[in-house]
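Read-outs: derived from the displayed coordinates by stated rules, not from any lab. Keep in mind the model is a prediction, meaning the values are calculated, not measured. Cβ sites come from the backbone with ideal geometry, for glycine too, and all protein chains shown count toward neighbours.
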Amino acid sequence: MTAHDVLLQIGQVAAVLLLSPLVQGFILRYEERVQRARGPSLVQPYRDLWKLFHKELVVPEGASFVHFVAPVVAFTAMLIVPLLIPVLTDYPLPLSDMGDILGGGLILTLGGFFIALAGLDSGSAYGGIGSSRSVMVSILAEPTLILVFVGITLLAKSMLPFVVNHLLANHLAVYWSPAHIFLVCAFFILLLVETDRLPIHSSTHIEVYMIEEARVLEYSGPLLALVKWASMMKQFILYTIFCNVLVMPWLLSTQGTAAGALGAAIAVLGKFALVACAVIVVETAQSRLRFYRYQEPLAASFVLAALAIIANQIR
Amino acid sequence: MTLLLAYIVLVAPLVAVAVCAMTRSPRVAEAINLLMALTTAVAAVPVPFLTHSTQVALDGYLVVDPLGAWVVLCVALVYALASIYAIGYMRLLGEDGRLPRFYALFAGFAWTTLAAPLMNNAGVYWITVELTTLVSTFLVGFEHAAESIEAAWKYIIVVSAGITLALLGTVLFYWAGTVALGPVYDMTWATLTRAAPHMNPTLVTLAFLLVLVGYGTKAGLAPMHTWLPDAHSEGPAPVSALLSGALLNIALLGIVRFGAVAQGAGVGAVSRLALITLGVVSLALAALFIVRQRGVKRLMAYSSVEHMGVMALGFGFGGPLGVAGALYHMLNHALNKSLMFFGSGVTMRAYGTKDMNGIRRVGVYFPFTGALWLAGALAITGAPPFGLFLSELTVLRAGLTPAHSWAVAVMLILLVVIFAGFLNHFRVMYFTGAAPETPPRSEAVGPWCIAAMVLAGVPVLILGIWWPSAFTGVFRSISSALAGGLSP
Amino acid sequence: MTLPHFTPLAASLFSLLAIASLLLTFIMLGSRWLRDYMYAFGLQSWMIAVLSASMGYYAHFPELYLVAVLTALFRGLLLPYLILRILQRLGADRELHVILQPSTALVLGAAGVVFALVVAYHLAAAVGVSSQVVILALTVMLSMKLIGFLMLSVRHEAISHILGLLVLENGIFLGSQILIPGMPLLIELVILFDLLVAVACFGVLARYLMERAGTTSSLQLRKLVG
């Protein structure tokens, strides 16, 4: 565990921490641009976070310790996951043995679970609605996510994301096999769901449709900043898994030099821009689904993951 | 000689189709259809007795063997009887302008049912069976009432879906045969039977079960029989007679031929057990639905399901007795069911309703026809001295082995239940109830209809008293072929 | 069983085409717009035609080229055109899923595919063949059959029933191209024409249904019971 490795690990976490609002800003701006509006500036999320950190903290009367603990837990969980996945380097750093793909998924869900608890904690009606709806969506999405992880594991015969990355980067036959293609499609649908893009647009503020926003309605000031930052980091992490592990496993630093890490960071931004464009296209082309039809894209994702596993067995 | 007769059997209905399609006069259509039907019957009757070995013609596509010739005999007899009856019955419909189209379809349907047993290639056989479905759908829906179209739609969807399973089974049989015969070969019945010992048993079991369920849908074996009551009750009576007496036998022929291949591959026990199980289930379902039934033609349709079950049991029990019983049953059932459908057709027209609650005092208004119909009802439930009694007894005797005695016991109980239920309906129609307010139309029972009924009923009585020795020879050769001889 | 040994490229090509056909079947299972069904069916037929042609190339059966061309023309173009005409005449646009939600149907279909895979493995083991292409062919054939029957059961529109039947036939055709490429040409051609006749009959009957019974939905066709 040399100082070099420690710096790289800190660099990975810092990359996720500092670059995630940029990705969010990119999506918001270019979504508006596609619809021929001006759109906010690329660095607007940074300004929002700065503003929130300087605001007064207002706590509801019925809140317990969960109200304070939940944002911290979510934020911390999002800081732990970048240690486990290939963000900047494509070789495993010393601390990435702490968990594999499934472990990463577990920690991501832990953060979401605590935010759901926080929504219930304050005792307001909107909090309850938001928590129950978000739990319902995750009931539909989690098994599919596990199935996709199983598919990835069977594809590479290993649970470490780094092994999958090497396999896909080096063997073109596996990259273009039906198993991989189906996994990519299944994961893309899950990406749309988990990052609250249409057709399950849960970041809306309209009260009847609120899912995500309802959970954090009672938050203000620095705690709200932590919560928002945590959700931006979750989006970044999911994009990382999608890009660096599945779709574009190239352009990562192999030696771990500073120049390499910097280059990898810029390449990561470029790759994420491409994925974000795809997400924007999908989002602009669709309208929001009725709540009881949320099962349909998720069932499609489930079927794709099952087909991927089967295609893998016959490979 | 047999080949010449086979050609006549194949060509005559086509002539009828051509003439009926071109003419506009209903009388011409009736006449040509009747003429061709009688020609076909006269040509088909001697064929089983003249065929001593399998003969192949037309570049290997046509085969004349004892089993196929027997089925052709049954079909041709029903075609002739139904044509006689149709002249009288279809005139009651009052749509003389559409009659040429009816007779064209009728002759076309008869042609496809006559062609199927003579096809040598299993794939071509499948195509002919599919063609029978397509042609007969329009016949079932001929009367253009809402119920008829509904029945026709249900018929075509269920049966087409079913025989795709049979196609899958055929494909798997072909695949199994590629082991011994290489990737390209002609899938004739003889080739399959010859290659059978080299086929993989598991694959042959799966393929046979698929063929059983697939062609069983077409044959009306329960639980795939759901189309049968609707289609047989909604079509005009001559069409119902042809469907019940001819079409179901064609499908059963396919099952039996593939069963011979399965026997050769060594999985005969499993395949026969499956056939017996389906036969028992058919009998059970038929018994349940016969006891509580309201429509007179639906009653006849469920009786068809029952008799298909008996035939399946006969072929399933196997051996010379079982096969002989099933084949004799085929002939008797064809004649008897035609009689029953003819009778119910005229009764329906006379009383103006399909519901048995509206039919009362048949014996009073129609003494001769009613007596004939009642005799037919006794015959079809298996009472002596009619032919079905003899054939059912033979089948029962064939099943009295330790392995199959459970099936015999169940079959006996169900036959008794069906006897009681069926004849109860007739008792109600003949001997109870007040006379209807509007007396039934007696002109509905015309001379053509009566002639057809007599011609159908008398042989049933004769065959019940006298089992011709010529038949025994035919049956023996068929059963030895099915038990593993080289030519099916 | 006497399949020649395929290069990895050929095997992956067959694998891709077969699984893409299966995916299109799932799209048919889960869609609501009847026109989407039809396009998926047409695309599936084209894929099977390409599969036919490549089987003809790799296994050296030149007559399969003719079969491929005819499949593409008849199953890929003519049949969808006929069904489109039926659709226009009936005026049916979409299917309201009353019996089973499309998502549940998708999951049931996936379960069917798993079952087909297990059966295919056992069958290949019993027959003694270990070629992956054969197992794939058996799996896709059996699962398309199961999904076709599922479509027939849970749908109530007439067009969906017709398309379900065509999916069944497509599945058998796909399997037969891979398992028994040497099947005599005449049989394959006649089956193809037979399909056309069948769809034409369906069209006529569907028109009668609309005229006489007033509906093509099987939920309303309930006059004949007992």
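Quick look at the values:
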item: Within 10 Å of each Cβ in A:302-312, the average number of Cβ atoms from other chains; result: 6
item: Rg [Å, one decimal], Dmax [Å, integer] - the range B:67-121, C-alpha atoms; result: 13.4, 43
item: Given charges at beta-carbon only (K, R positive; D, E negative), |dipole| of chain A in Debye; result: 700
item: Cα-based Lys proximity count in chain A, under 29 Å, for pairs eight or more positions apart or on separate chains; result: 8
item: Relative contact order of the range C:8-212, pairs being alpha-carbon contacts under 8 Å that are 6 or more residues apart, as %; result: 26
item: Long-range Cα-Cα pairs in the range B:5-69 (distance over 13 Å), rounded percent; result: 65
item: Surface/4 estimate of mean projected area, convex hull on alpha-carbon atoms of the range C:90-220, nm²; result: 9.3
item: 25 °C / 0.890 mPa s Stokes-Einstein diffusion coefficient of the range C:8-212, Kirkwood radius on C-alpha pairs, µm²/s; result: 141
item: Listed peptides B:366-374, C:50-58 by packing density, highest first (mean Cβ within 10 Å); result: C:50-58, B:366-374
item: Residue mean of other protein chain beta carbons inside 10 Å, C:122-131; result: 3
item: Relative contact order of the range A:3-313, pairs being alpha-carbon contacts under 8 Å that are 6 or more residues apart, as %; result: 28
item: Taking N as its residue count, the alpha carbon Rg of the range A:3-313 over 2.2 N^0.38 Å; result: 0.98
item: Histogram of C-alpha separations across the protein assembly as shown, 20 Å bin width, %; result: 12, 36, 27, 17, 8, 0
item: Given B:Lys297/B:Lys337; B:Lys218/C:Lys145; B:Lys337/C:Lys223, the pairs whose alpha carbons are separated by over 20 Å; result: B:Lys337/C:Lys223
item: Approximate spin-label separation C:Val107-A:Arg33, in nm, with each point projected 7 Å along Cα-to-Cβ; result: 4.1
item: Charge context of A:Gln255, other residues only, Cβ under 15 angstrom, K/R +1, D/E -1; result: -2
item: Helix-derived mean residue ellipticity, 222 nm - over chain A, DSSP H n ≥ 4, -39500 (n - 2.57), to 500; result: -23000 deg cm²/dmol
item: Ranked A:His4, B:His404, criterion: other C-beta atoms within 10 Å, fewest first; result: A:His4, B:His404
item: Ranked packing of A:118-131, B:338-351, A:163-176, most packed first, by mean Cβ within 10 Å; result: B:338-351, A:118-131, A:163-176
item: The range A:1-49 pair-distance distribution - Cα-Cα, 5 Å bins, rounded %; result: 5, 21, 19, 14, 12, 9, 9, 6, 3, 2, 0
item: Debye log10 I(q)/I(0) at q = 0.12 Å⁻¹ for the range A:130-191, Cα point scatterers; result: -0.35
item: The range A:1-85, Rg to Rh (Cα coordinates; Rh as Kirkwood inverse mean 1/r); result: 1.09
item: Order by protection proxy (mean Cβ within 10 Å, highest first), peptides A:14-20, C:184-190, A:145-151; result: A:145-151, A:14-20, C:184-190
item: Percent of alpha-carbon pairs separated by more than 23 Å within the range B:373-488; result: 53
item: Net charge of Cβ neighbours under 15 Å - reference C:Val67; Lys, Arg +1; Asp, Glu -1; result: -3
item: Coarse-grained scattering of the range B:76-185 at q = 0.12, 0.14 Å⁻¹, given as base-10 log I(q)/I(0) from a Debye sum over alpha-carbon atoms; result: -0.55, -0.69
item: Per-residue average of Cβ from other chains inside 10 Å of C:7-17; result: 2
item: Taking the C-alpha atoms of chain B, convex hull volume expressed per residue in Å³; result: 120
item: Net +/- balance of residues flanking B:Gly162 in space, Cβ distance below 14 Å, scoring K and R +1, D and E -1; result: +1
item: Among C:Ala110, C:Thr139, C:Leu209 the positive-end extreme of the charge dipole of chain C (Cβ point charges); result: C:Leu209
item: MRE, 222 nm, helices only [DSSP H, n ≥ 4, -39500 (n - 2.57), over chain B, to nearest 500]; result: -25500 deg cm²/dmol
item: Dipole magnitude of the protein assembly as shown about its Cα centre (Cβ charges: Lys, Arg +1; Asp, Glu -1), debye to nearest 20; result: 1680
item: Of B:Met453, B:Pro439, A:Ile27, farthest towards positive along the dipole that unit charges on Lys, Arg, Asp, Glu beta carbons give the protein assembly as shown; result: B:Pro439
item: Which of B:Leu5, B:Ile413, A:Ala141, positive extreme of dipole for the protein assembly as shown (C-beta unit charges); result: B:Leu5
item: Length-normalised contact order for the range B:2-482 - Cα pairs under 8 Å, 6+ apart - percent; result: 16
item: Semi-axis lengths (Å, descending) of the ellipsoid that matches the C-alpha gyration tensor of the range A:57-186; result: 36, 18, 9
item: Packing-based exposure ordering (other Cβ within 10 Å, fewest first) of B:Thr438, A:Thr284, B:Thr39; result: B:Thr438, A:Thr284, B:Thr39
item: Cα coordinate range in the range B:379-430, projected on the principal axes (Å, largest first); result: 42, 20, 9
item: Cα-based radius of gyration of the range B:275-376 once divided by 2.2 N^0.38 Å, which approximates compact folds; result: 1.22
